[in-house]
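The values are calculated or read from the model by the stated rules, or taken from the named source; none is laboratory data. Owing to the predicted nature of the structure, the values given are computational and were not obtained by experimental measurement. No Cβ is skipped: glycine too gets one built from the backbone with ideal geometry, and neighbour counts run over all protein chains shown. Heads up: the accessible areas ignore ligands, DNA and RNA and are worked out on the full protein's heavy atoms, side chains in. Shrake-Rupley method; radii C 1.70, N 1.55, O 1.52, S 1.80 Å.
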Amino acid sequence: MNRFLRVNMARLSTDIKDTGDEYNLLGGRGLIARMMNEEVDPCCDPLGEANKLIFCTGILAGTPAPTSGRLSVGTKSPLTGGIKEANAGGMFGRRMIDLGFKAIIIEGKPDCDALYILKINENTASFILADNYRGLNNYKLHEELLKEFGDEIVIASIGCAGERCYKNSSIQISDTEGRPSRAAARGGVGAVLGSKGIKAVILEKANNKTRTIYSDYDEFRKANKGYIEGIMKNETSGMAMPAFGTAVLVNPVNSLGALPVNNFSSGSFDMVEAISGEEISRLQSERGGSNGHGCQPGCPIRCSNIYKDQNGQYLTSGFEYETIALNGSNLGISDLDLIAKIDRLCDDLGIDTMETGCTLGVCMEAGIIDFGDGEGALSLIGEMFEDTKFGRVIADGAARCGSHLGVKRIPAVKNQGLAAYDPRSLKGTGVTYATTPMGADHTAGNTIGDPSVSPYEKKGQVELSTGTQVGMATFDSLGMCIFSGFCTADPVNINHLISMMKSRFGGDWDADRLFGLGIETISLEKKFNKAAGFTDKDDTLPEFMYNEPLPPNNNVFDITTEELSSAIPF
């Protein structure tokens, strides 16, 4: 299982190496952090030859651990200038496991404008000229690749955004139906794949799936069963998300006063019911869409969905809270069909829906179009499709676009647009936005729903964020969806997870060793960013969040730079 495939695009060469037990306890985000520190100059050009792009699976990949088929994609980000791990569901991580690869490391770049398909099976990797696919966006590209290479392949690809090295570009991953609807979205990872001259990576079906070796398989099965039961008993992961998807968060975040509205100028949206998870469920029950859809086989949470338009035709999948909030309420748009169309267009072009929503928000703030102008939003996305001069400005992300337009209220940290929780009314998540090496990324440590600390008070937020960041970095390293970690508020389920690690790998395990994986990961990420030139001055929120009260609760973010400096102190 610990095989690495190294792909050198300068020489068009590949090398497969079995690393033995060396990387047993490294995977996902943690493996990326280690390899980036060991192999990549932190000061390199993110789109240059010295940067690398790493696809990898997690520590528990290949086991029946719930949601353990996640994919991590790592690189130096062209958007933030720091280390980046973008996480995705879909079929790619699972297929890597079947083929016996823990990591695929892409390095170098062609000395010409050639574009390739990288096709991989258990024993070989080959390069196929992709000139006939140049200029295709993801939906058409996946359709054509499935025709040419068979319907059992799994694909990771870029649309025109990645070809053009847009800083907001994503890598789109096959879902269980073969559609490019799952995304390693944040940080411009698609631009790095495009800079390497790769249009798509194709994984063929495994002839002989790799077997996982256990220290005690019976004990693993027992602990795993208990952990899955814990997930299903959890109110959020076991009940609300299967019924309504991640969009179940729309109403609660609005009630909290933390929903981004009109470019983060308010925390409460008058038309919130029209964009809620409950409304999606109602519409899709009429149209033949579905909630309770799994983004990968065997996921017990099934928080994905298939969204159909008013004619009953497939429009998009994985229509999630972040996309809905940032391209809905944040833009003053309450039309779910239009927001779903934005989601589909972003997946097709290959751009991050979150960065897009933040960027369109600053365009509205600048008066390019009005808040609430859905057709205008589609027109601006169209400029990225057409690669116009202003389209390229939008594609540089919210921070750079907002600066270009002279906007003062720019919701970004380390040049990455904020996720869909206003930190003035969810201060622990604000600490995470400011201090994580990842930029303003909610998956680095979202504190929503923790009853131990009031989200409006500053007391305890630094400690809460630090603990949450460690937990989420741990799950990203295990290769498990962070939603599967919600149940660890109950110590019984932490013990199940500890037993799973012990029965998989042997040795002595406790909570300190388990969550030490997350501490080591963040420590290495901070080391990389420091060498890349980041300082404590970069660990801050946008200035307007410190001095503009957020309606309706009129909170400001009042955690000082000195207090923020004590977060993740390792």
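Worth pointing out:
- Search result, residues across region 101-113 that are part of a loop (DSSP other than H, G, I, E, B) and modelled with pLDDT of 95 or more: 108, 109
- Residue in region 316-332 that is polar (S, T, N, Q), farther than 20 Å from residue 253 by Cβ and modelled with pLDDT of 95 or more present: yes
- Of the criteria (1) without any contact (Cβ under 8 Å) to a residue 60 or more places away in the chain; (2) within 30 Å of residue 229 (Cα to Cα); (3) open to solvent by less than 50 Å² (accessible area, probe 1.4 Å), which one residue 283 fails: (2)
- Among the residues of region 176-204, those identified as over 15 Å from the mean Cα position of the chain (by Cα) and within 15 Å of residue 316 (Cβ to Cβ) are 176, 177, 178, 179.
- Of all residues in region 184-204, none satisfies being among the aliphatic types (A, V, I, L, M), in contact (Cβ under 8 Å) with a residue 60 or more places away in the chain, in contact with a Ser or Thr (Cβ under 9 Å, 6 or more places away or on another chain) and surrounded by fewer than 22 Cβ atoms within 10 Å (Cβ to Cβ).
- Taken over region 556-570, the criterion of being open to solvent by less than 60 Å² (accessible area, probe 1.4 Å) and under 17 Å from residue 534 (Cβ atoms) is satisfied by 564, 567, 568.
- Top-ranked residue in region 441-463 [being open to solvent by 20 Å² or more (accessible area, probe 1.4 Å) and within 23 Å of the chain's Cα centre (by Cα); ranked as nearest to residue 413 (Cα to Cα)]: 442
- Number of the exception - residue 180 against (1) under 30 Å from residue 24 (Cα atoms); (2) in contact with a His (Cβ under 6 Å, 6 or more places away or on another chain): (1)
- Residue within region 374-382 that is surrounded by 24 or more Cβ atoms within 10 Å (Cβ to Cβ), among the hydroxyl-bearing types (Ser, Thr, Tyr) and over 30 Å from residue 64 (Cβ atoms) present: no
- Residue 277 open to solvent by 20 Å² or more (accessible area, probe 1.4 Å), among the small types (Gly, Ala, Ser), farther than 30 Å from residue 407 by Cα and in contact (Cβ under 8 Å) with a residue 12 or more places away in the chain: no
- Any hit, region 139-152, residues being open to solvent by less than 50 Å² (accessible area, probe 1.4 Å), touching a strand residue (DSSP E or B) at 6+ places or on another chain (Cβ under 9 Å) and under 22 Å from residue 3 (Cα atoms): no
- Answer from 355, 375 - the residue that is over 24 Å from residue 441 (Cα atoms) and in a helix (DSSP H, G or I): 375
Let's see how each residue does on (1) over 18 Å from residue 522 (Cα atoms); (2) within 23 Å of the chain's Cα centre (by Cα):
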position	(1), (2)
2	yes, no
7	yes, no
19	yes, no
24	yes, no
28	no, yes
31	no, yes
36	no, yes
51	yes, yes
81	no, yes
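- Entirely in region 380-448, the helices (runs of 4 or more DSSP H) that have 3 or more residues that are out of contact with any Ser or Thr (no Cβ under 9 Å at 6 or more places or on another chain): 389-394, 398-405
- Count - residues of region 478-500 that are of a type in the set (A, V, I, L, M) and open to solvent by 10 Å² or more (accessible area, probe 1.4 Å): 5
- Cβ-Cβ under 9 Å pairs, at least 6 apart or on other chains, region 222-240 side free of Cβ contacts under 8 Å to residues at least 40 places away in the same chain, far side among the aliphatic types (A, V, I, L, M) and assigned to a helix (DSSP H, G or I): 239/232; 240/248; 240/249
- Filtered residues of region 156-178 (kept if surrounded by fewer than 24 Cβ atoms within 10 Å (Cβ to Cβ), touching a helix residue (DSSP H, G or I) at 6+ places or on another chain (Cβ under 9 Å) and under 17 Å from residue 205 (Cα atoms)): 178
- Test: residue in region 316-332 that is of a type in the set (Gly, Ala, Ser), open to solvent by 20 Å² or more (accessible area, probe 1.4 Å) and closer than 25 Å to residue 142 by Cα: no
- Taking the conditions (1) at positive phi; (2) surrounded by fewer than 24 Cβ atoms within 10 Å (Cβ to Cβ); (3) in contact with a Cys (Cβ under 8 Å, 6 or more places away or on another chain) in turn, residue 67 satisfies each one other than (2).
- Test: residue in region 413-435 that is open to solvent by 10 Å² or more (accessible area, probe 1.4 Å), farther than 29 Å from residue 29 by Cβ and not acidic (Asp, Glu): no
- Taken over region 19-46, residues that are touching a Gly at 6+ places or on another chain (Cβ under 9 Å) and open to solvent by 40 Å² or more (accessible area, probe 1.4 Å) amount to 1.
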